[in-house]
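One structure is given below, encoded as structure tokens.
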Amino acid sequence: MGRKPAAAAAADHESFPATMPADLLAAADCGGVHGHSLFFDALVQLIPPRFYLQADDEDRPWYQGLSKAAKAAMKAQSRANIKAARRARLDPSAPPSSTLDLLKKSVADQAAEEEEDEKNSEGESEKSGDEASSDDEEDGEMEEDEDGEDEEEGMQVAPASVVSEDRSVTYEELRERLHRRIAELRGNRCTRPEFLNKPKKEKGKKAKGKNAKGKDEGKKRKRADGAEDDGKDGKKAKKEAEEKPDIMYANVFVDPKEARRRKKRRVKNKKKELEQAKRMQEAKKDPEKANKIAWDTARRRAAGEKVHDDPKLIKESLKKDQKRQQKHAAQWKDRQKTVDKQRQEKQKTRTENIRERAHQKKMRKIEKRDKKLMRPGFEGRKDGYVNE
Amino acid sequence: MRHPKSGGRGRRGRGPRIPAAVLRKQQAVAPSVDQVTGAKIPKSFVFSRGKIPSTLRHLQQDLRKVMLPYTALNLKEKKRNNLKDFLNVSGPLGVTHFMILSNPKSLPHLRMAKTPQGPTYTFQIEAYALAADIANSQKRPRCPPGIFKNSPLVVLSGFTGHGEPFKSLIQYFQYMVPAIDPNTVKLATCQRVLLLKYDKEKGVIDFRHYSIKLQPVGVSRRIRKLMQNNQVPDLRDLKDVSDYVTKAGYGSESEVDDEAATVSLVSDVDKLNRASRKSAVRLQEIGPRMTMRLVKVESGLCSGDVLYPEPVKGKQTDEETGEEADESAESADGSEDELEDGSEDEMEDEE
């Protein structure tokens, strides 16, 4: 987790707890160099280590120039660093990270570094670069460019492992939590698919069953009813009833044949109807047929069909149609007239306006011309000679 | 800022605001064309001409109830209204049938006519019973509220094979009610039956009006009552529910049904009568009961040629037309006496 036992050990000899600036100031009253030193320590303690201590900026790569993956990695690292720093800040057993302590540490590290610099400097720069980059993102300082290589390595490894470990732990943990929650919620619901699907199927079946059975049941019923007072109604009216007692029901459905026959009788043209009616009237004069025709028309009328057998009425209807047509024609003429009139009026006003405008233009020009001649003592332009 | 409600905005001082539901009801017009079959729905007016006694007025109201819902239940007629007035109104309203009650010479007559030019069938009512009388005579009169929401089913019996006036009469009665398609009709809407039976020997038509009740067959009385009442029965003396359910009860007299009166239902009618189960059909009489005799048939609306009884031409009784069987000759002879009186009086009435 990035706890640096070595660092802790190194700072042990100076690890009196991070002193508050107030305490230091209080202690600075002792005077002398020690007092001055304590005073300055107090001041330093007031400054956050971020600002006071120099962090290695040069080794940090330019963020905007990195690739997407690299950027993501850096971000992850910085996040991890922040977390670690927060934990470390609040951890009582962590090495103290106040400015003063870090300053002292850095002094000690520098001394150690100068010794190692002679040995090998390249590796360090890279590592310190890593550490430095992570440094800058932190709030509290997790001073990582100190101590020895192993510490650095530990630190390098540590943040990486911290990041990866954290990630894996958190993802898996979250996933597991999610699954647990789902199972919990699912326990309350009905999970048996038969129960969920059945009602819909039943509904569908019922509807189909109804339609299929309609015709069969109708037939069954017909055979079943023999009694006279059977209330359910069934078929189209058939004159030749199948049972002994002849039962007929109200007309149920239009037989397509009947419908076609009825349609044939309908004559579209009124004039033709008139002629047919006249012919009918002639036929009525014949006594034998008259009765038959009369009953026939009565039957058809009772059945709801419209029989036009009175030529007088047909004539009236024809006349009405004609009158209506004439009325519409008159209205149309009227409309045309008004439209024409309006158009003419508009054109008139337009031509008037144009003429006026032209005229006004001329007048304005004349006025302008004559303005120059309105001198005192003169009356303007005159036609003809002066001495007339 | 308060905006006035739309009802108030529209009224502009024309009076109190009518709630929307009432307005809709006022403006609702009975449909003219049947949605299912596409045919025109026949509507009727039932009214009276001349002075009629109060029992006939009750009969008129009963007849209006029979013809519901496609009739004017509260039709108001004034003395000065002519038949022409009714004709004029019937056009725009889509009324196709008239039923006219009258009382010439103290004999009640019922005229059934088809507007606007249709034939008129005049019946003399020989005997009648009002709906109230029938309800009083029954032990358990039954009139559930919803039965007048749909037209009755018309059943004719004994009309075939009798020649001309009855052929057209068949058509008339059949088209008095809207057409029904047996494949698509909802069984729950068939709640009434109008039965017209022609008695050949007496020459009268019986007019009966029943309500239909379906009872599931094979269900014991107790279970049926339980389902109908939805009340918990009294189980005090019983040890177990099975005692209640399986107790052998006395079968009621009417339970002895012959097979003919049971039908197998196509679809669910209600909770008790389910699809593809047997149900017994029970008819209970409601509404008026009449015995009528056909007296006259005219080709116009209370006008026009008299088609039946056959006009006597000179001294010949007309057997020229082969259609008219003995029936018409009989009735012509037999009823001519009463006919003369009836028709003359009626003509005076009309003037």
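Can you give the Kirkwood hydrodynamic radius for the stretch B:89-168, in Å, rounded to one decimal and based on Cα pairs?
This gives a value of 16.2 Å.
What residues qualify as long-range amide H neighbours of B:Thr96, i.e. H under 5 Å apart, gap of 5 or more or another chain, H built at 1.01 Å from N?
B:Lys43, B:Ser44
Could you give the radius of gyration (one decimal) and Dmax (whole number) of the Cα atoms in the stretch A:299-361, in Å?
Radius of gyration, then largest Cα-Cα span, for the stretch A:299-361: 26.5, 87 Å.
Karplus couplings for the stretch B:52-68 from phi (6.51 cos²θ - 1.76 cosθ + 1.60, θ = phi - 60°), rounded to Hz, Gly and Pro as x?
10, x, 5, 5, 5, 5, 4, 4, 4, 5, 5, 5, 4, 5, 4, 7, 4
Just how much of B:Met292 is accessible, in Å², when a 1.4 Å probe is used and the result is rounded to the nearest 10?
Solvent-accessible area, nearest 10 Å²: 0 Å².
Over all residues in B:147-155, what is the mean tally of Cβ atoms on other chains that come within 10 Å of each residue's Cβ?
Numbers: counts 0, 0, 0, 0, 1, 2, 7, 5, 10.
If you average over the peptide's residues, the count of other-chain Cβ atoms is 3.
Could you give me the percent of Cα pairs per 10 Å distance bin for the stretch B:81-127, shortest bin first, beginning at zero and ending with the bin that holds the maximum distance?
That works out to 26, 48, 24, 3, in percent per bin.
Would you please give the residues with an amide H less than 5 Å from that of B:Ser48, counting only those at least 5 places away or on a separate chain, with H modeled from the backbone geometry?
B:Leu101
Rounded to two decimals, what ratio of Rg to Rh does the stretch B:173-223 give with C-alpha atoms and a Kirkwood Rh?
Answer for the stretch B:173-223: 1.12.
Under 11 Å from a label point 7 Å along Cα→Cβ of B:Arg140: give me every residue in the stretch B:218-232 with its amide N that close.
Under 11 Å, as judged by backbone N against the label point of B:Arg140, lie B:225 of the stretch B:218-232.
Just to compare against my own numbers: the Cα pair-distance distribution for the stretch A:45-124, 10 Å bins, whole % per bin, please.
All Cα pairs, binned at 10 Å, distribute as 14, 32, 38, 16 percent.
Please pull out the direction-averaged projected area of the stretch B:133-268, using the convex hull of its alpha-carbon atoms, in nm² to one decimal place.
Seen from a random direction, the Cα hull of the stretch B:133-268 projects 12.4 nm² on average.
Show the residues, 5+ positions off or on another chain, whose built amide H is closer than 5 Å to the amide H of B:Val266.
Close amide H contacts, sequence-distant or interchain: B:Ser276.
The values are calculated or read from the model by the stated rules, or taken from the named source; none is laboratory data. Just so you know, these numbers come straight off a predicted model, no measurement behind them. No Cβ is skipped: glycine too gets one built from the backbone with ideal geometry, and neighbour counts run over all protein chains shown. Surface accessibility is based on the protein's heavy atoms, side chains included, excluding ligands, DNA and RNA. Shrake-Rupley method; radii C 1.70, N 1.55, O 1.52, S 1.80 Å.
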